[in-house]
Amino acid sequence: MSNAKYAYYMDFIRFEKMFRSKLFANTVKKGIYPILGSQKIIYKRPIKMWSTFQITLVLEGWDNKWVYHSQVFEQQNQVCAIGYTKVAFWKNKKAQDLKTILKNCGVNKKEMKVRQEIHELFNGDYQLLKGRRVQ
């Protein structure tokens, strides 16, 4: 499978989960849209074209602005790739408070801390955009 397809499937599964949950009514229907802030994909082995595979979406945690997911691609019980995403919800060119959105969806958990190694995956993104070298 082409490496471009992994990002496609990652988008697809995130949107499918959103449409099937209370998140859709509390965001998109109110003019609040999910925006992908960053995405990393680590490839281990190729997925054969035209063959079946599984993708599992895991909620890794959230803070006030971002929600973090991992997406595991497996074929024949072997991990082929893992993708990590960082998503915010935007309205009127401004990130919305994620905790408020989750509360409106019925999530009672006040926080779900993201593992440090996942935070570290995304740490250098803004420096790269500004043309700085990441140390």
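A short reminder: the numbers here are calculations on the coordinates, not readings from a lab. These numbers were taken from a predicted model, which means no experiment stands behind them. With ideal geometry, Cβ positions are generated from the backbone for all residues, glycine too; neighbour counts draw on all protein chains shown.
Quick notes on this one:
- Restricting Lys86, Lys65 to residues that are of a type in the set (D, E, K, R), touching a residue at least 24 places away in the same chain (Cβ under 8 Å), assigned to a strand (DSSP E or B) and touching a helix residue (DSSP H, G or I) at 6+ places or on another chain (Cβ under 7 Å) narrows the list to Lys86.
- Residue in the stretch 110-118 that is in a loop (DSSP other than H, G, I, E, B), surrounded by 10 or more Cβ atoms within 10 Å (Cβ to Cβ), touching a Phe, Trp or Tyr at 6+ places or on another chain (Cβ under 8 Å) and not charged (D, E, K, R) present: yes
- Candidate set from the stretch 1-36 (those that are closer than 17 Å to Gln71 by Cα and of a type in the set (S, T, N, Q)); member that is surrounded by the fewest Cβ atoms within 10 Å (Cβ to Cβ): Ser2
- Residues of the stretch 26-59 satisfying the condition of being in a helix (DSSP H, G or I) and either without any contact (Cβ under 8 Å) to a residue 40 or more places away in the chain or under 16 Å from the mean Cα position of the chain (by Cα) (or both): Val28, Lys29
- Test for Val107: is it among the β-branched types (Val, Ile, Thr), surrounded by 12 or more Cβ atoms within 10 Å (Cβ to Cβ) and within 24 Å of Asp125 (Cβ to Cβ): no
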